[in-house]
Amino acid sequence: MRINDLGTKISKIDKVSENLSLLCNRIENIQSKVGHLEKFTGNLGNSIGEIKKTQIGLKGDVEETVKEIRELKSVNEQLQSKITDLQARSMRDNLLFFGLAEYRGNNRENCASLIDQFCEAELHLYGIKANIERAHRIGRYLHNKTRPIVAKFSNFRVRENVRASAYKLKNTDYSVREQFLREIVEKRKALMPILHSALGQNKKAELKYDKLYISGKLYKGGTIRETEGDRDEHDEDEPVECQTQDT
């Protein structure tokens, strides 16, 4: 019986040993997988680190690009302002004549001669043609519409004399006005109700170029500022009615 018991115990020991061997193999497999996982995790960490570095670099590039765009936008605004100013200056010697009948025969009409005749007949001013550098119709031709004539004067004083005489055209089908850029026309349109309101209150008010002066002070967005330092070369002009035109 003891020999049989001993054999049974040895058999159990062998079984346990076999199970331990299998367990060890499994542990080794698990350790191997853990090792691979740690290696993968380390590589992943490196990849994440590289991605973060790339993100930081891209963020810097984006910030630099945004800065450059802002600078370019500022430069563009300055250039646009200069272009607008140059265009406005180029129109400073111009006047628009409305109501002059348009001749469309075989020969092209002489707009300078038309203005000269008009000034003699309606404004009693003579020799105007000699001071007109060029003149032409503006806008698209329509058979039921008389296009205005824009005239560029070579002598600003003569131009001012013509403009100052335009009051004689009251209650007629004619008018003479200054030429402005569309941007300036829109600004003047926005200021016109305020101008009329001030005049209705018996205040001295005048619209000069794109600025409104009330009682000698510059009107600006609901406030009135002193004129000192605010006037520019355009402020030498007297107020005139706004007029849009096609170019």
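The values are calculated or read from the model by the stated rules, or taken from the named source; none is laboratory data. Worth saying up front: this structure is predicted, and the values here are computed from it rather than measured. In this analysis, Cβ positions are derived from the backbone assuming ideal geometry, glycine residues included, and neighbour counts consider all displayed protein chains.
Of all residues being part of a loop (DSSP other than H, G, I, E, B) and of a type outside the set (Val, Ile, Thr) in region 115-132, which is surrounded by the most Cβ atoms within 10 Å (Cβ to Cβ)? Just the residue, please.
Here the answer is Leu125.
Would you point out which residue out of Cys119, Cys111 is in contact with a helix residue (DSSP H, G or I) (Cβ under 8 Å, 6 or more places away or on another chain) and over 20 Å from Asp210 (Cα atoms)?
Only one candidate passes the filter, namely Cys119.
Going by the structure shown, is Asn110 in contact with a Phe, Trp or Tyr (Cβ under 8 Å, 6 or more places away or on another chain) and polar (S, T, N, Q)?
Spelling it out, it is not the case that Asn110 is in contact with a Phe, Trp or Tyr (Cβ under 8 Å, 6 or more places away or on another chain) and polar (S, T, N, Q).
Yes or no, residue by residue, for (1) under 60 Å from the mean Cα position of the chain (by Cα); (2) outside the structural domain of Lys208 (by TED's automatic domain parsing); (3) of a type in the set (Lys, Arg); (4) farther than 30 Å from Val185 by Cα:
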residue	(1), (2), (3), (4)
Thr8	no, yes, no, yes
Glu64	yes, yes, no, yes
Ile69	yes, yes, no, yes
Ser81	yes, yes, no, no
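Criterion first (farther than 20 Å from Thr84 by Cα and either crowded, with 17+ Cβ neighbours inside 10 Å or in contact with an Asp or Glu (Cβ under 6 Å, 6 or more places away or on another chain) (or both)) does Tyr209 satisfy it?
no
Taking the condition of being loosely packed, with under 15 Cβ neighbours inside 10 Å and in contact with a strand residue (DSSP E or B) (Cβ under 6 Å, 6 or more places away or on another chain), how many residues in region 186-206 meet it?
Matching residues across region 186-206 total 2.
Return a yes/no flag: does region 223-241 have any residue that is assigned to a loop (DSSP other than H, G, I, E, B), modelled with pLDDT of 80 or more and more than 25 Å from Gly127 (Cβ to Cβ).
no
Restricting attention to region 148-165, which residues are in a loop (DSSP other than H, G, I, E, B) and crowded, with 17+ Cβ neighbours inside 10 Å?
Residue satisfying the conditions is Pro148 alone.
Could you identify the single residue in Lys168, Lys145 that is over 30 Å from Lys220 (Cβ atoms), in contact with a Leu (Cβ under 8 Å, 6 or more places away or on another chain), surrounded by fewer than 17 Cβ atoms within 10 Å (Cβ to Cβ) and not hydroxyl-bearing (Ser, Thr, Tyr)?
Lys168
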